Amino acid sequence: MRNPRRSCGVAALGLLLSLPVSGAEAGDGEPPEPPGAAEIERTWIHWDFRKELNLAVVYSHEGLPGLSSSETGVDHLELSPRFPRTFIGAEVEGNLTEEAPVNRLLGGHVQLAAFDFHLRLEVDPTEPTNELDRYEFMAQDFWIRLETPHIDRLSLRIGQVTVPYGVNPVLAPRGRFLLPIEAHDVGFKWDWGGVLKGPLGDYDWELGATTGAGMQPHPPHYVFEEDAYMLTARLGAPTYWDFQYGLSGLFGKSPTLMLDKRLGPPVSRWRAAGDLFYKLLVHTMLMGQAFVGQDGFDGDSEKAFGMDGDPNLLAGFLVEVDFVPPFGSTEESRREWQNWELNAQLASVFFDLERHDSDNNSLTLEVARSLTDKLTLRLDWVHDFHVATGTGVEDDAIFVSLYYYGR
Amino acid sequence: MSVTRVTIGVLVGLVAGCAGGGPEPAPRRAPREGPGRPAAAKGQQADRRKATREPAAKESKPARQDAAAKGEAGDGTPRLVDVTGPSGVRFRHDWGGGKLDHVLKTAGAGVGLGDYDDDGWLDIFFPQGAVLTPDGALASGAQPRSMLYRNDRDGTFTDVTRAAGLDRPAYATGCAFADHDGDGRLDLYVTCYGPNILYTNRGDGTFEDVTEKAGVAGKEWSTSSAFADLENDGDLDLYVCNYLDFRPNMVGVHSSALSKREGWHFFPGPRDYEGVADVLYRNDGDGTFADISRDAGLAPNGKGLGVVFTDLDADGLQDIYVANDKTPNFLYRNRGGCKLEEIAFQAGVAVSPDGEATAGMGVDAGDYDGDGRIDLFVTNMVFEYNALYRNRGGWDFEDVTQAAGLAADSYRYVGWGTAFLDLDLDGLQDIFVVNGHVMDYVDSMSQSMSYRQDPFVYLNAGGGKFRRVSSEYGPDVSRKLVGRGLAVGDLDNDGDQDLVVTVTNDYPLILENRRGGSNRFAAFDVRGQGGQRTGIGAVLRLTAGGRTQVQEVRPHRSYESSCDPRVFFGLGSAAKADRLEVTWPGGVKRTYRNVPTGKFIVLSPDAKPRVAAGPPR
């Protein structure tokens, strides 16, 4: 006899996942048993567990930034130090109805609508191979989402969330190599804290208050001792429109982005940004971002990377094209072409608008191929050019990654 | 050559004699004897129901009548109230067990409303999924079954599946009630992943599987189906939507880069499979059907999910609109003689305004703007909007979704079952849309979308505008579900249309329409020619309060679903309908004057109108 409910015993998730689960039960071929009561108990939770693996290597013409010459020389194939690095990951996500016991406890005015706990164990090739520091936990989406039935589209995410600054992803990226410009500039797109999102007519507003600590799960003293924080806000078109645009701002104190794409000591920052996104039919997506801002405006400019001690204005922009070939004269050939995805991204950051040699520029071309439901192979050529004096060297690097994401 | 006759009848006297004027129900037709309904005196039946249905007694009809009259809160506020629990319906959709790991599971199933025992009360049929082997065959061992619920006429339903002989295992997806053999009884066509099934109604509460003889099985993944008399020869032909060339473990098919970008991370999406051509069957009038898809001119490339027969150019011939998933929609103009011309692009109803094929799901037709022409509405996927196409005449349609106020909400919803209906009986066609995402993990990937989604209730505000009023109809209709099918019909014979929503891999939602206010209705059970149980394709033009409304007998619409074949007109405060003109397929026309409100009237081209059994409550 089928039991329409199934228990899940993931103790670490406490109340959430120790509650009965249905909707994913195995079919034993028998009709469901009537509940018997006058009221019907509907499925109130769906949850899922996923596995993730990324193998990422890089061949760099000028050697790997961040690695000492004693560890690697030039012209070597190495594990990639750039995000997404080599990692294994696990993700538990789910969504709940208002009938979930936890929501009954919350009284109906606030509901736990969804959760996503996504952790990765990454290899940091910039650390010596015999050190435990070479392995570190990272998160990309680790949150709960609260909603209220009284206001449509109002939600609060708590945990590690996408900060409301710059372009919003249409769907949360998984294993993507190309990141928005805040990853080049501020250093991260995800941060720990909370984001409140709500409607303004057809538009969305978002307010974020986060630690400024970035993607890694830092211990509390990091935040308090370093005095890092980040306030972000965005007003823009919702992510489900073909043409999206938004204005956003950032204010706070967050770690500087070091040459090896790691984070240094916090520095005061503000940014104002605009972003555009356009989905041209279904095969082409165009994205553009631009920002202006300042690092070290609060008397701490000496910490700002690439600065000469004065809190000068900085700026940057990014343009990106994502294209799936719409070719093929038959359904079969069309489906074959749809396994390929081409990307091009140009990103520039001017660390000091008063200096002509303060900009870093990067052009990335990507070819991706879907191999199976779960496997995607990516090849990226990154051309760093016109690199600001003292911030690095011009370089060409080829990144290859094999990404697995499955249940 | 069709014969046109015009008869003018005055219905007031007839109906007044039957009405009784009081709250007591008018006499009902005695139930038929059969395995599902043993012969019994009315009193005995009532006693039996009282003895066996105690929970339902708490929701007894008179009590609910009071609530209906006043609105749930007693303030005239309209409500859509979840009565699934008290109804006794315990069907639970089963997508075949396990996780959501292929597109067949996420497509769900529809629901059918039809008065199979001809007692004047709508019964409910729920198509059920099944456990499949990796190559798509039915797994051995016990399987979940589709279920037929008989309306007990007191707000409760009884499972009569086995007694009716409808418990054949199949991966059923949709259904259509129709009198395919013209014997005056509603038969049942069940679409499936795999061979479809045609059950003929024996008239004793049981059905007989006549699929093989009729030749309408097919072998594909069929979704929606619809019956209509395509060539006006007096019998019902059959259109069957076929979807994807799919098997659970199909070698060589995987989620493409494009599909992954759209969120299909764990199994292939509809873009990754070949489509399967739809099928058109001509009813040869002897219990058999002939596949005339090629001769009729059906288009080969489509991924059909929704279909509706409707006469879009008022030429007396049934045209066909098909909602396709990720391929352009089809609009077939009926040229007569079983010849169809596909003109969706020319008519402007094939793709979105920017030229992209959308993910069409459910579809319905109705005259939302009161201009006498039938318009089209089709539900779509996220990042798209549910499209309302205004019929401007001359096979020219205009996408008026934005202007109508229907677009903004639907970008983040996946629409499925849908129907035009006059929810508040004000004489304007409202719209109901069932929503639910296709990916059970979308909450983790999107800041704006959720797997469970609340339905849309749009009231027609007049002037071509709609207003979303879901929250005004109470909390039950704002509940987030993974909705799929939708059938609308008057389950309790109180003159307004209730709703049955199917939920994939879960219990359905039965919403009773407890309308507030005092708007009146006129309802018609239109019979077909030659003893046909339902006059599918008949066009009704009703004039009341200076306004003329047009509706068709069109039970097969929405998504994989079959609705109440009766036609309901909201009259607002009008005490009567001044004029009713009915045109049956083939051209027979009747005109009635001074049509009373608040009654179910049986109209037939071959007989005088009469008040139906199963009276207004």
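No value in this document is a laboratory result; all are computed from the given coordinates. Note that the structure is predicted; figures quoted are calculated from it, not measured. Virtual Cβ from ideal backbone geometry, glycine too; neighbours counted across all protein chains shown.
Which ³J(HN,Hα) values, rounded to whole Hz and listed in residue order, are derived for the stretch B:178-185 from phi using the Karplus coefficients 6.51, -1.76 and 1.60 in 6.51 cos²θ - 1.76 cosθ + 1.60 with θ = phi - 60°, glycine and proline given as x?
With coefficients 6.51, -1.76 and 1.60, one gets 6, 8, 6, 9, x, 9, x, 10 Hz.
Can you pull the one-decimal nm distance between simple spin-label points at residue B:77 and residue A:329, each 7 Å off the Cα toward Cβ?
Here the modelled spin labels are 6.4 nm apart.
Quick one: check the C-alpha center-to-center distance for the stretch B:297-357 versus the stretch B:440-511, whole angstrom.
Taking the Cα centre of each part, the stretch B:297-357 and the stretch B:440-511 sit 26 Å apart.
In nm, to one decimal, how far is the modelled label at residue A:41 from the one at residue B:518, with both set 7 Å along Cα→Cβ?
Placing both labels 7 Å beyond Cα along the Cβ direction yields 4.6 nm.
Where the eigenvalues come from the Cα gyration tensor of the stretch B:313-408, what are the semi-axes √(5λ) of the equivalent ellipsoid, largest first, in whole Å?
Details: eigenvalues 90, 52, 21 Å².
Rounded to whole Å, the semi-axes are 21, 16, 10.
Mind giving me the nanometre distance, one decimal, between the label points for residue B:135 and residue A:298, set 7 Å out from Cα along Cα→Cβ?
Here the answer is 6.8 nm between the modelled labels.
Got a sec to turn the phi values of the stretch B:441-451 into Karplus ³J(HN,Hα) couplings, 6.51 cos²θ - 1.76 cosθ + 1.60 with θ = phi - 60°, whole Hz, x for Gly and Pro?
10, 5, 4, 7, 10, 10, 7, 10, 10, 9, 5
Mind checking the dipole of chain B: about its Cα centre, +1 per Lys or Arg Cβ, -1 per Asp or Glu Cβ, Debye to the nearest 20?
Values: 69 positive and 86 negative charges, 290 e Å.
It works out to roughly 1400 debye.
Enumerate the whole-percent occupancy of each 10 Å bin, from 0 to the last occupied one, for all C-alpha pair distances of the stretch B:67-189.
Going from the shortest bin to the longest, the percentages are 12, 34, 30, 18, 5, 1.
On average, how many beta carbons from a partner chain sit within 10 Å of the beta carbon of a residue in B:139-152?
On the way: counts 2, 1, 4, 5, 4, 7, 1, 0, 1, 0, 0, 0, 0, 0.
Mean shielding count: 2.
Of B:296, B:329, B:248, which is farthest on the positive side of the dipole of the stretch B:245-375, counting Cα position, with +1 on Lys and Arg Cβ, -1 on Asp and Glu Cβ, and the Cα centre as origin?
B:248
Hey, if you drop one equal point scatterer on each alpha-carbon of the stretch A:110-158 and run the Debye formula without solvent, what base-10 log of I(q)/I(0) do you get at q = 0.17 Å⁻¹?
Relative scattering, expressed as log10 I(q)/I(0), comes to -0.60.
Pulled fully out, how much extra length does the chain show between residue A:337 and residue A:104, if you take 0.36 nm times their separation in residues and subtract their Cα-Cα distance? Each step should come with its number before you reach the end.
Values: separation 233, 0.36 × 233 = 83.88 nm, distance 4.86 nm.
Using 0.36 nm per residue and subtracting the Cα-Cα distance, I get 79.0 nm.
Hey, any idea what Rg/Rh is for the stretch B:366-422, computing Rh the Kirkwood way over Cα pairs? All intermediate terms of the calculation are to be shown ahead of the outcome.
Values: Rg = 11.5 Å, Rh = 11.7 Å.
That ratio equals 0.98.
Tell me, what is the FRET efficiency for residue B:392 and residue A:281 to the nearest 0.05, using R0 = 30 angstrom and their Cβ-Cβ distance as r?
Numbers: r = 26 Å, r/R0 = 0.87.
For R0 = 30 Å, the calculated efficiency reads 0.70.
Just from the alpha-carbon atoms, what are the Rg and Dmax of the stretch A:97-208 in angstroms?
In Å, with Rg to one decimal and Dmax whole: 17.2, 56.
If you place +1 on the Cβ of every Lys and Arg, -1 on the Cβ of every Asp and Glu, and leave all else neutral, what size is the dipole of the stretch A:83-133 about its Cα centre, to the nearest 20 Debye? It would help to have the intermediate numbers written out before the result.
On the way: 3 positive and 10 negative charges, 49 e Å.
So the magnitude is around 240 debye.
As an exercise, take the mean of 1/r over every pair of distinct alpha carbons in the stretch B:523-617, invert it, and state the Kirkwood radius in angstroms.
Values: mean 1/r = 0.0737 Å⁻¹.
The answer is 13.6 Å.
Work out Dmax and Rg for the stretch B:121-182 from the C-alpha atoms and quote the Rg first, both in angstrom.
For the stretch B:121-182, the Cα radius of gyration and maximum Cα-Cα distance read 13.9, 45 Å.
I'd like the FRET efficiency for residue B:245 and residue A:136, computed as 1/(1 + (r/R0)^6) with the beta carbon distance as r and R0 of 45 Å, rounded to 0.05. It would help to have the intermediate numbers written out before the result.
Working: r = 46 Å, r/R0 = 1.03.
Approximately 0.45, to the nearest 0.05.
Suppose R0 equals 60 Å; then what is the FRET efficiency for residue A:129 and residue B:402 from their Cβ-Cβ distance, rounded to the nearest 0.05?
On the way: r = 59 Å, r/R0 = 0.99.
E(calc), rounded to 0.05, equals 0.50.
Please state the relative contact order of the stretch B:465-617 as a whole percent: Cα pairs under 8 Å, 6+ residues apart?
Working: 337 pairs, mean separation 35.7, N = 153.
Result for the stretch B:465-617 is 23 percent.
Once the dipole of chain B is set up with Lys and Arg at +1 and Asp and Glu at -1 on Cβ about the Cα centre, which of B:587, B:487, B:259 lies farthest towards its positive end?
Of the candidates, B:487 comes out farthest on the positive side.
What does a probe at residue A:393 reach in the stretch A:76-100, counting residues whose amide N is under 19 Å from the point 7 Å along Cα→Cβ?
A:76-82
So what's the back-of-envelope 222 nm ellipticity for chain B, counting only DSSP H runs of four-plus at -39500 (n - 2.57) apiece and dividing by all residues, rounded to 500? Write down the numbers at each step before the final one.
Values: 12 runs with 68 residues, N = 617.
Value at 222 nm, helices only, nearest 500: -2500 deg cm²/dmol.
Using Cα-Cα distances under 8 Å and only pairs 6 or more residues apart, what relative contact order does chain B have, in percent?
On the way: 1825 pairs, mean separation 103.8, N = 617.
So the answer I get is 17 percent.
Note the full-extension length gain between residue A:148 and residue A:357 as 0.36 nm times their separation in residues minus their Cα-Cα distance, in nm to one decimal.
Values: separation 209, 0.36 × 209 = 75.24 nm, distance 5.06 nm.
Fully extending the segment from residue A:148 to residue A:357 adds 70.2 nm.
Which order do peptides B:522-529, B:508-515, B:541-548 fall in by mean Cβ count within 10 Å, highest first? Write out the running numbers ahead of the final one.
Working: B:522-529: 24.4, B:508-515: 25.9, B:541-548: 16.6.
Answer by packing, highest mean first, reads B:508-515, B:522-529, B:541-548.
Between Rg and the Kirkwood Rh of the stretch B:413-477, both from Cα atoms, what is the Rg to Rh ratio?
Numbers: Rg = 13.7 Å, Rh = 12.9 Å.
Ratio value, two decimals: 1.06.
Return the long-range amide H neighbours of residue B:419 (sequence gap of 5 or more, or a different chain), with a cut-off of under 5 Å between placed amide H atoms.
Placed amide hydrogens put B:432 under 5 Å from residue B:419.
Averaged across A:236-244, how many Cβ atoms of other chains sit within 10 Å of each residue's Cβ atom?
Details: counts 0, 0, 6, 7, 12, 5, 6, 0, 0.
Rounded to a whole number, the mean comes out at 4.
Give me the inter-chain shielding for B:478-485: mean count of other chain Cβ atoms within 10 Å, whole number please.
Values: counts 3, 5, 8, 3, 3, 0, 0, 0.
Per-residue shielding by partner chains comes out at 3.
Provide the descending list of Cα extents for chain B along its principal axes, expressed in whole angstroms.
Cα spread of chain B along its principal axes, largest to smallest: 69, 56, 52 Å.
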